[in-house]
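The values are calculated or read from the model by the stated rules, or taken from the named source; none is laboratory data. Everything numeric in this text was worked out from a predicted model, so none of it was measured. Here Cβ is always computed from backbone atoms with ideal geometry, including for glycine, and neighbour counts include all displayed protein chains. Note: accessible area is taken over every heavy atom of the protein model, side chains too, but ligands, DNA and RNA are not part of it. Shrake-Rupley method; radii C 1.70, N 1.55, O 1.52, S 1.80 Å.
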Amino acid sequence: TDVRPDFHTFPPVMKACSTLLDGARLHCWVLKLGFVWDVFVAASLVHMYCRFGFVDIAHTIFKNMPFRDMGCWNSMISGFCQNGNAKEALRILDDLIFEGMEMDSVTVATSLSICAQTNDELRGLLIHLFAIKHGLEFNVFVANALINMYAKFGQLRCAQNVFDHMCVRDLVSWNSIVAAYEQNDYPHDALNCYHQMQSNKIRPDVLTLVSLSSSVAQTKDFLLSKSVHGFIIRKCWITRDTVLGNAVVDMYAKLGIVDSAHRVFEELPCKDVISWNTMITGYAQNGFASEAVGVYDKMKQNDDVTPNLATCVSVLPAYAHLGAMRDGKRIHAQVLKKNLDLDVFVGTCLIDLYGKCGKLDEAMSLFYEVSRETSVPWNAIISCHGLHGFGETCLKLFESMLNEGVKPDHVTFLSLLTACSHTGLVDQGKRCFDLMQQEYGIKPTLKHYGCMVDLFGRAGLLETAYNFIQSMHLRPDASVWGALLGACRIHGNVEMGRKASNNLFQLDSENVGYYVLLSNLYANFGRWEGVDEVRSLARDKGLWKTPGWSSIELNNRVEVFYTGSNQSHPQCEEIYTEMAVLNGKIKGLGYVPDYSFVLQDVEDDEKESILTGHSERLAIVYGILNTPPKSSIRIFKNLRVCGDCHNVTKFVSKVTEREIVVRDSNRFHHFRDGICSCGDYW
């Protein structure tokens, strides 16, 4: 036809563009017809390019406009904001004010979002003041933006105040206040807001359920988690919305129900990178490191997703837990290739990796390279030194942290208390516990209380530990009583051990580790009837002791040895022959087998044979056979190293003139010249 488009035609057509290519074609047509100078057409082009993420092109058009209306300014500010360039968005906002334009409700709402992104609380308050002065604070979009901003700043009273004074509340308003409490770790308040929302006949949407799932996870309410999941299934939202599916996976993972998390993950029709990251993190944070690595390996085989920065942060803790240095180094190489090594979260995970793999020097080097303005990297390096038994160093690092003006958090004190516990620094640990509450106003959690019980217990102060439990402001959980039972096992206090185990079996009767501890306590005193009774209790519940294993990585291959069952190993005969030679040498230096660590009622010669078959010894001898003389050996053990093996390793380090590093379930042991870094205190 002969009908030609005019300047009224292009704005709605550009708004309808679904691809950048269509938009670019329209832009060419606009240039050809000379409509680029029309304010409405130019504003539509700005908006279109911002929508597709091409803010630089939008900004060029914006700068060349002879006249700009309010919509155009708002499009440009919003474009920079939505594409992660808050600094440039603020510069455009300053230009708007400089040119004498007055902000409208859209400008105010967008500007408040930018303030939240940049943590610019002062500017946010000034914009709020402007909104009040010009009667915009009751505008629903402005009010919603204010709630989100104050939530980001942790100012929940201000957020609630804005919400309470709203004349009209839409679904976004309710979602904003629920999310405000959820994101600031006030899950019960978030749930109360949700119930008020229901009372006001407001129907929840997907975003409501995302916040609700996170709140339920924080409350540890297993029954409510099923109700939330059931509601989502009835609405058929989980199959249609990946974001909500990811939230449900995350909810179950944080509740420790990893089987349900994995089932939901597998049922997701469309898995994005966040889905995979959530599942990896869920497994890693619940102690299933091998499963986390397995999910990561599957993710790499999937062509539809590409691992990102968050993937590195998710999988590195799993490699650290497994002591998989080689695989961790591969991630480090990828991080360096993408210039992501200075990111504080990736850097912290790498510090954790190298520290937990026994490479403290490398961990310290990385620590000095990353930004140390928050407590996150400090917590990681303090924790690593504590794991190696360097309690005094942890306290010095804490002092440096305070000198640099970094505020400690609950994780900092947890790391410090753990370090003090492993090195017997009772007085220093008590000071840290008091400092945490009195100076920084941090309320102790059950983990902090558990560390204090462990601190007193390891030092032999069992009565003090028991009295401390009795005086706790929180109800003791299994970890607290477990710490006391472990101390009773170390110091041989059967009666106190009975008290601890009675409480433990009421709280967590399904944890086989507690039955093993009590059984070992009885066995140490030859009370075999008690051993049989405890083992029978465990068997009746279908519980079996976790098999002990140790691993060693040599020549890009990980060898795993299990206690007492390695006859199929190709070097089995060589290992036992070399072990016999070493046993002869260390006995000549004064080694005497400690049969108290044999938990079976058998003859002494059989007890010695059982001790010889412990997994850490087999791994050490394998390392000696397959590495150059006097080189270091690194062993990883899934359980606590036994006292006799600890003694043997000291003698072996002296005989072979090697450094032997053993990481057990509790900490690192560095053996050199017949001495262990733990000072026989672990």
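For the reader, a short list of remarks on this structure follows.
- Filter pass, K220 being surrounded by 14 or more Cβ atoms within 10 Å (Cβ to Cβ), among the basic types (K, R) and out of contact with any Ser or Thr (no Cβ under 6 Å at 6 or more places or on another chain): no
- Scanning the stretch 587-604 for residues that are open to solvent by 80 Å² or more (accessible area, probe 1.4 Å), modelled with pLDDT of 70 or more and not basic (K, R) yields a count of 2.
- Note on the stretch 567-586: among residues that are polar (S, T, N, Q), at pLDDT 75 or above and open to solvent by 80 Å² or more (accessible area, probe 1.4 Å), the one that is nearest to I620 (Cα to Cα) is T577.
- Odd one out for G564, checked against (1) within 12 Å of G613 (Cβ to Cβ); (2) part of a helix (DSSP H, G or I); (3) at pLDDT below 90: (2)
- Output for the stretch 359-383, where each listed residue is touching a Pro at 6+ places or on another chain (Cβ under 9 Å) and more than 23 Å from R663 (Cβ to Cβ): V370, S371, S375
- Applying the condition of being under 21 Å from E373 (Cβ atoms) and in a loop (DSSP other than H, G, I, E, B) to the stretch 412-440 and asking which residue is most open to solvent (accessible area, probe 1.4 Å) yields E439.
- Residue that is surrounded by the most Cβ atoms within 10 Å (Cβ to Cβ) [pool: residues in the stretch 445-489 that are closer than 26 Å to D680 by Cα and charged (D, E, K, R)]: D454
- Some residue of the stretch 177-189 being open to solvent by less than 20 Å² (accessible area, probe 1.4 Å), in contact with a helix residue (DSSP H, G or I) (Cβ under 9 Å, 6 or more places away or on another chain) and either over 24 Å from N144 (Cα atoms) or of a type in the set (S, T, Y) (or both): no
- So V662, is it outside the structural domain of G424 (by the TED database), open to solvent by 10 Å² or more (accessible area, probe 1.4 Å) and of a type in the set (A, V, I, L, M, F, W, C): no
- Taken over the stretch 51-73, the criterion of being over 19 Å from W29 (Cα atoms) and in contact with a His (Cβ under 9 Å, 6 or more places away or on another chain) is satisfied by G71, C72.
- Meets criteria (under 19 Å from Q571 (Cβ atoms) and out of contact with any Gly (no Cβ under 8 Å at 6 or more places or on another chain)) for L625: yes
- Just one of the listed residues (V641, V655) is open to solvent by less than 10 Å² (accessible area, probe 1.4 Å) and either in contact (Cβ under 8 Å) with a residue 24 or more places away in the chain or outside any helix (DSSP H, G or I) (or both), namely V641.
- Which numbered condition M364 misses (of (1) modelled with pLDDT of 90 or more; (2) under 25 Å from A253 (Cβ atoms)): (2)
- The residues in the stretch 567-599 that are more than 36 Å from the chain's Cα centre (by Cα) and in a helix (DSSP H, G or I) can be counted, and the count is 19.
- Inside the stretch 613-638, residues that are open to solvent by less than 10 Å² (accessible area, probe 1.4 Å) and either farther than 25 Å from H422 by Cα or part of a loop (DSSP other than H, G, I, E, B) (or both) make up a count of 4.
- Criterion violated by W378 - all others in (1) among the aromatic types (F, W, Y); (2) at pLDDT below 95; (3) within 26 Å of N277 (Cα to Cα) satisfied: (2)
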